Amino acid sequence: MARFLRFQLVAAGCLLLHSVAAGQPPPPDGPPPPRDERADDDERPKRPDRPRGRDGGPERLRKNFRKWHEMSPEDREAMRELYDRRRKEVRQEMQEAVDRSGLELNDEQKKKFMERYREERRKLEQEIRQEMEAERKRRLPEIIGKLRAEFAAEAAAAPSATPGHKAAADGREAESDSAN
């Protein structure tokens, strides 16, 4: 029973994510239509290299599903618009890549070229993210050391607000007043 409910939840989440990606309202209750009746997803590359269950798997899907239902209609629409805008930008970049290649491609070749461009671009972006993360990790100790020195100097220059230190400072002020 639990396995069936988990499957239903995952299926509902997938349908919801698909409808969000397509900018459509969530589908009605019931099973999804057969593959040949769905909207044409030919522009999306097939990703056999992508491991199943990555990025948190079912738990992340449930979390995103809950977040989506908790969003206001305005926030949902903003998310759809953001996704659509990004998808249009990627399509335009892929078309520009085809144009810059200077190749005369038929529709089938153009489709394959764009799919490969998207895959290679994704790999490049992943490499850049990894390089940035490695550089960040390498430089963080330097930043922390710099801030430690800066704040230690400030702490030494400014008297502490602790009661014992303040009383000692008040005593020194009283001594200097009586000397005058």
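At-a-glance table
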quantity: Which listed residue is of a type in the set (Lys, Arg), assigned to a helix (DSSP H, G or I) and over 17 Å from the mean Cα position of the chain (by Cα), from Lys111, Lys63, Lys123; calculated: Lys111
quantity: Top-ranked residue in segment 36-58 [being open to solvent by less than 100 Å² (accessible area, probe 1.4 Å) and either part of a helix (DSSP H, G or I) or at pLDDT 90 or above (or both); ranked as nearest to Gln109 (Cα to Cα)]; calculated: Gly57
quantity: Residues satisfying the stated conditions in segment 148-157, i.e. hydrophobic (A, V, I, L, M, F, W, C) and open to solvent by 80 Å² or more (accessible area, probe 1.4 Å); calculated: Phe151, Ala156, Ala157
quantity: Members of segment 98-143 found to be open to solvent by less than 100 Å² (accessible area, probe 1.4 Å), among the charged types (D, E, K, R) and more than 21 Å from Arg86 (Cα to Cα), listed by number; calculated: Glu133, Glu135
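The values are calculated or read from the model by the stated rules, or taken from the named source; none is laboratory data. All values reported here derive from a predicted model rather than from experimental measurement. SASA here: full protein model, heavy atoms, side chains in, ligands and nucleic acids out. Shrake-Rupley method; radii C 1.70, N 1.55, O 1.52, S 1.80 Å.
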